[in-house]
Every structure is written in C-alpha cells, then in structure tokens.
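Encoded as structure tokens, the structure appears first; notes follow it.
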Amino acid sequence: MSGIRAAIRYAKAILEIADSKGVASKVSADMTLIAATITENSELTHFIQNPLIKTDIKKNVVLEVFADVNEVSQSLFHLLLENKRFEILEAIAVEYNKLFDIMNGVEIAKVTTAFPMDAALETKVLAKIATFSNKKVTIENTIDASIIGGFILRIGDKQYNASVANRLQVLKRELSN
C-alpha cells in the first residue's frame, strides 16, 4: 500500500515538472511505454524488483532499455536511484498516466464484451457513454464470454449492463415471481 502512495507522489511530481516544461504528453507516451515494457517483460520485472541488484546497476539498465525517453522521464530514473525506489517504477508510470488523463479531462470507459468489439458495437457504446459523461473517453475493452452477448460499460462509479446474461437473469427473476 505504501508503494502505491509513494508512486502517486512521484507521479504527481513528475507530472508537475513535465507540465511546467510543456512536455507532459511526451512524458505520458514514455510512461505508457515504460509500463507496457515492464508488464510484458517478466525478466525486466524480476530484475527491477530484485533487492539484491544494486540500484545504480538498475538505473544503468533502465537508461539503456529506455534510451529514447524524454529527459524528464530520465530524471525520474535518477530520482529513483537516489531514493532506492526502482521497484515502484511501473506503478509510477501507471499513476502518471491516470493523473495525466484527469488533467486533460479524459475518462477511461471499461467495456466488457463476449467478443472483440466491432464498429457497430463501438458506436452503441459511445452513444451510451454520451449519456454518462461529456468528457473525452478512452475505451478499454475486456473479453468475457460468460456475458454471452451485448456489453457491460463502467465509467468511474457508474455501470450500465446491457449483456445478454444480465437480461436472462432479469427474465429468470421475473418468471420466478
């Protein structure tokens, strides 16, 4: 838990620095790359999480892996070296992007479907999103075959369930009464 709180503090600090230098969107792209790379590469994850590896070695490897990132992003690596907190790098990247989205008025809509979304379903989902929110929305699609069809939409603390499984459950309740 304290790692998440620390990650949020680091992310806020990096966002303030990046915003003051006018490179917040470039740093956001860097943070997306960092989070995705660490998540997808288990060797890198274990390397960063390993307490037996010295932090200066971790910094050198991370600087080499992410050589093309912005100087503000690289300054985060130096800061993590000084504070010996490399294990929260991925969490910082994730939290940075959450804060960046909030700063820009972007919400994430989590859409669960039984199959990958096509253009027609995406249009329906975007129409429903318009009733929930007037902000810019990024759609994050999750596949769950148990909903049979339709979709479940979550934005913030709101949920709209238009799944076939939910409709069958409602019908079952109505028939049993």
### All positions within region 1-12 that are small (Gly, Ala, Ser) and without any contact (Cβ under 8 Å) to a residue 40 or more places away in the chain
2
### Query
Among 99, 121, which is the only one that is at pLDDT below 85 and surrounded by 13 or more Cβ atoms within 10 Å (Cβ to Cβ)?
121
#### Entry: region 44-66, subset basic (Lys, Arg) and assigned to a helix (DSSP H, G or I), residue most open to solvent (accessible area, probe 1.4 Å)
59
#### Entry: Hey, residue 69 surrounded by 12 or more Cβ atoms within 10 Å (Cβ to Cβ), free of Cβ contacts under 8 Å to residues at least 24 places away in the same chain and closer than 15 Å to residue 89 by Cα or not
no
### Members of region 9-23 that are more than 19 Å from residue 83 (Cβ to Cβ) and either open to solvent by 60 Å² or more (accessible area, probe 1.4 Å) or modelled with pLDDT under 95 (or both)
19, 20, 21, 22
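The values are calculated or read from the model by the stated rules, or taken from the named source; none is laboratory data. Only a predicted model underlies this, so the values are computations on that prediction, with no experimental measurement involved. We place every Cβ from the backbone using ideal geometry, glycine too, and count neighbours over all the protein chains shown. Please note that ligands, DNA and RNA were not included when accessible areas were found on the heavy atoms of the full protein model with its side chains. Shrake-Rupley method; radii C 1.70, N 1.55, O 1.52, S 1.80 Å.
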